[in-house]
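None of the figures in this text is laboratory data; all of them are computed from the coordinates on show. Nothing here was measured: the structure is a model prediction, and the numbers come from that model. In this analysis, Cβ positions are derived from the backbone assuming ideal geometry, glycine residues included, and neighbour counts consider all displayed protein chains.
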Amino acid sequence: MNYSYTILILLLPILIFLFIGLMGDKIKPQFSGLLGTSGLLVITLLSYFTAFSYFGHRVGESFQAIEAFQLLWLQFTDSLIIHLGILLDPLSVMMLVVITTVSLMVHIYSLGYMKGEKGFARYYAFLSLFTFSMLGLVLATNIFQMYIFWELVGVSSYLLIGFYYERPSAVAAAKKAFIVTRFADLGFLLGILLLSFYTNTFDFKALTDLNGLAITQPTTAVFMGLSVTTWAMLLIFMGGAGKSAMFPLHIWLPDAMEGPTPVSALIHAATMVVAGVYLVARLFPLYSYTSPDSLEVIAYIGSFTSLFAAIIACTQLDIKRVLAFSTLSQIGYMMVALGVSGYGTEGLGYMASLFHLFTHAFFKALLFLGAGSVIHAVHSNLMTDMGGLKKYMPITHITFLIACLTIAGIPPLSGFFSKDEILVAAFEHNKIIFGVQWLVAGITAFYMFRLYFNIFWNHTPEYHQAPHESPATMTIPLIFLAVASVFSGFVPFHDLVTSDGNPLHTEFHWMIAGPSILIAVVGISVAYVLYAKKNSKPESIATSLKGLYTMAFHKFYIDEIYLFITHKVIFNFISRPVAWFDRHIVDGTMNLIGNTTVYFSGAIKKMQSGHVQWYIWYFTSGVLLLVFLVVYLN
Amino acid sequence: MNLQAEIPLDYMIVLSTIVFFVGLMGVLIRRNLITMLMGIELMLNAVNINFVAFNHYLFPHRLEGHFFALIVMAVAAAEAAIAIALIINIYRQFNTVNVDDVDELKY
């Protein structure tokens, strides 16, 4: 098969970005929106075509990685070569489908949601830039190319979070997101350098080749009790944790909700935040064979994040923030699944993680877009301003309900299948993690239905103007994504995307599925009792759990801890002494040299009087002095 | 006539020294630019005396000292031409040839 046309998938978005970005103020805003959307439709169709032809042609039993396009970019030495290219393997093709689908839905949705906004063309330009970067990230053939697109994704996320740049909170959120992820990327870069220094390659194929040098002969160098490979893999994971907002680098994601809601759906729910999962999955053979320790770390971090975020999500009032914490929690699931997975026939966790990534992208984008539709109607983010919306917004209500049932893990919706696989994988590997994830499944069902009942049921507040259903440009993506959420669970994922490309044999375990359905139903019922009608039970529970509730409501004070560390500790104990040293010692030395020169020149400048004969005197006496010295001292 | 027999080299050196310091004093003490120029010419001629004398007394069969004296004369002529041109310009500028009044170039 010839896949060289896939280069178009990368070229089209960047061309659209350049066109809208440069010409945006000369053409009608609606036209740039339509151009962006239709361009993305073409890209989506190309991606689907790629996926069909790729998954339709397996070589023997397994799928092979194909380099559809390869370009020598930088050649520093014989071994230090950087290529730019397109890598097609089950993982990247699956991501291609996810990204283009969600991105297309968001493009269509934004036509309605952003209508009449100032900077409509700019918005579409940035969306195209983001799509370009994200596609480049997943199609990268080597880790360096991935790093470039990784940073581009960070930039476009920054631009889109700060879209409403007149609002100080949006600017602060954009900066926060950029700085936190950039800090994590420092680890990523160090990891890349360490890894490539010891393996002599950037190429994914060479790095993850089971017979390759990177895996068969990992370095034996040890630093602080851990092998250097483990260090490299942990540092690379740090970059992934930053983008995927794993604890303790999660603080930027809730604030990132300052961006327009469709952006949150695209970037901060479905695509960019799973880049960390993608990164670990991409380097999975390396993790699995050379440093199982770092996989353990990933599993525990993922598990902790999912529990932590789920608890916070139960207390938040801003509906987008609830969804943001829910995203954290679900990505935690994916990380757990990768962490507990093995390679090859043991690779259930790997498959489950990516399966969950796949289904989560649809239902989480649906949740965000549904929330956007509600916000569009009510003009508020707070669930206290909402209620009783089910009779005003039937389509949003039904699709939102489907998404909530999906994320809660009710069969036969897609979330049930993927979460079930993760629980099975966790159960086989580590019972504690399984227990935590099982509990989180219940909490997830609870907070999602708390959100659902508070928005669509409960009592109806006095609306200034009656809320109305959103326009068709917004409801069509909702319906499409709802259909995808329902049916994406039936994709034979274990045949398609596995750690080694071979189909994986999976079984359905009632032992796991039964309790997980049970706890989901319990969570939903609790939410129904507490929130379906207005009553005082939620308040009384909140008061009885006073300490814990306040802690969770304030997100366990992580932001405050960061502020304390940066403002109090780092500023006072590092930055100020360094600034003092710079101002007084470094600058002082230079000033001393300068001032001394000025002082002495002031003292001797009178010698240059302009009287020629004095100069001759100085000269003659100098010569005479030298003559005396030479004659009498020798 | 045998100069060497009648006038020893020391006399020549003493003469050139006297001429040199007369010239130097002229340059250092006189305020008139033309007179200072004359002092410089005296110093150059003192050097010429040395060249010729040493050549004649120490290396009678060679001619470098004589030639050097000739070159110094040529240079002195050129220098005088330039110096007089400068002095004329200074006079036009400042209406004086007193060196103490020409002190614009200072700190």
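Under 5 Å from the amide H of A:Ile66 lie the amide H atoms of A:Leu88, A:Asp89, each residue being 5 or more positions distant or on a separate chain, with H modelled from the backbone and absent for Pro and chain starts. Between amide H atoms placed 1.01 Å from N, distances below 5 Å from A:Ile410 occur with A:Phe416, all of them 5 or more places distant or on a separate chain.
Ratio of the range A:220-356's C-alpha Rg to 2.2 N^0.38 Å, to two decimals?
Details: Rg = 15.2 Å, N = 137, 2.2 N^0.38 = 14.3 Å.
Ratio of Rg to 2.2 N^0.38 Å for the range A:220-356: 1.07.
Which of the chymotrypsin sites (Phe, Trp or Tyr not before Pro) found in the range A:76-145 are loop residues per DSSP with 10 or fewer other Cβ atoms within 10 Å of their Cβ? Let's see the in-between values first.
Working: sites: A:Phe76, A:Tyr109, A:Tyr113, A:Phe120, A:Tyr123, A:Tyr124, A:Phe126, A:Phe130, A:Phe132, A:Phe144; in loops: A:Phe76.
Here the chymotrypsin sites (Phe, Trp or Tyr not before Pro) that fit, given the DSSP loop and packing criteria, are A:Phe76.
Relative to the longest principal axis of the Cα atoms of chain A, the long axis of helix A:143-161 lies at roughly 80 degrees.
By the equivalent-ellipsoid construction on the alpha carbon gyration tensor, the range A:592-634 comes out with semi-axes of 28, 18, 5 Å, ordered largest to smallest. Dipole orientation for chain A: of the candidates A:Tyr289, A:Ala445, A:Tyr113, A:Tyr113 has the Cα lying most toward the positive pole (charges on Cβ; Lys, Arg +1; Asp, Glu -1). Relative to the globular-protein estimate of 2.2 N^0.38 Å, the Cα radius of gyration of the range A:357-464 stands at 1.21. Once Lys and Arg get +1 and Asp and Glu get -1 on their Cβ, which of A:Cys404, B:Ile18, A:Leu307 lies farthest toward the positive end of the dipole of the protein assembly as shown? In the protein assembly as shown, that residue is A:Cys404. Cα centroids of the range A:1-32 and the range B:1-76: 90 Å apart.
Cross-link reach is defined here as a Cα-Cα straight distance under 14 Å, omitting same-chain residues fewer than 8 places apart; for A:Lys205 the aspartates and glutamates meeting it are A:Glu67, A:Asp89, A:Asp500.
To one decimal place, what orientation-averaged projected area in nm² is obtained for the convex hull of the Cα set of the protein assembly as shown? Intermediate results must be reported in sequence, preceding the final value.
Working: hull surface 219.0 nm².
Result: a mean projected hull area of 54.8 nm².
Taken over the range A:34-137, the ratio of Cα radius of gyration to 2.2 N^0.38 Å equals 1.33. Remark: relative contact order (the range A:109-203) = 24 percent; criterion is Cα-Cα distance under 8 angstrom and separation of 6 or more residues. The alpha carbon centroids of the range A:611-633 and the range A:553-603 are separated by 52 Å. Across chain A, Cα pairs under 8 Å and at least six residues apart give a relative contact order of 12 percent. Taking every DSSP helix (H) stretch of at least 4 residues in chain A, weighting each as -39,500 (n - 2.57) and dividing the sum by the residue count yields a mean residue ellipticity at 222 nm of -22000 deg cm²/dmol. For the range B:1-87, relative contact order (Cα pairs under 8 Å, six or more residues apart, normalised by length) works out to 27 percent.
Taking the convex hull of the Cα atoms, report for the range A:189-244 its projected area averaged over all directions, in nm². Walk me through the numbers on the way to the answer.
Details: hull surface 16.1 nm².
Result: 4.0 nm².
Would you mind computing the Rg to Rh ratio of the range A:439-526 from its alpha-carbon coordinates, Kirkwood style for Rh?
Numbers: Rg = 18.9 Å, Rh = 16.9 Å.
Taking Rh as the inverse mean 1/r over Cα pairs, Rg/Rh reads 1.12.
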